[in-house]
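Here's the structure we're looking at; comments come further down.
Just so it is clear, none of the values below were taken in a lab; they were calculated from the coordinates. The structure displayed is predicted, hence computed values, not measured ones. Note: ideal-geometry Cβ built from the backbone for every residue, glycine included; neighbour counts use all protein chains shown.
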Amino acid sequence: MLFIIIALVALVLIPVIAVIVIKNGLVAKENQVENAFASVDVMLKKRFDLIPQLTSCVSGYMTHEKELLEKLTALRSGSRDTEALARGNHELQNQFSQFLIKAEAYPDLKASDQFMMLQRSMNEMEEQLAASRRTYNMSIEIFNNAVLQFPSSVIAKRNNLAKKEYLKFND
């Protein structure tokens, strides 16, 4: 009789514990995705914050390029979802490439220590941003696998957890 009671309790407790463990794992993975996205967002903000420093550094040299400098500065604000970040990044890459090409025409600017330091900072920021994007996309892959694989897919559906999109920059 005692064996039957223990077996019944085990039959009830094992699935309940399994659901709790799977649900907690999904929550942890979703939090990891949000943390990785926040890291990408921080890197983008840092990169955007370098733009005013660059524009103030070059404004004396590049008076004829005011429109380009204003476009670069305008790109600092905007929405923070993955699609908007990708579009903003693409536009920033285009504008910054034009900026560097036009900077080549100003030998005094290229020789400026401050400009060279800011350019190195921008390159370093690009590397950090790329690392953050890789971390984010890896977190997305882990989360999506958990959401799509059985048995966690059942629990994910019941908790309205769906597959998330990767962060794709066109660079």
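Worth pointing out:
- Computed FRET value (nearest 0.05) for Ile6 with Val154, which takes r as the C-beta separation and R₀ as 22 Å: 0.25
- Each label was represented as a point 7 Å from its Cα along the Cα-to-Cβ direction; for Ala162 and Asp113 these points are 5.5 nm apart.
- Each residue of region 125-132 was assigned a 3J(HN,Hα) from its phi angle through the Karplus expression (A = 6.51, B = -1.76, C = 1.60, θ = phi - 60°), giving 4, 4, 5, 5, 5, 4, 5, 5 Hz with x at Gly and Pro.
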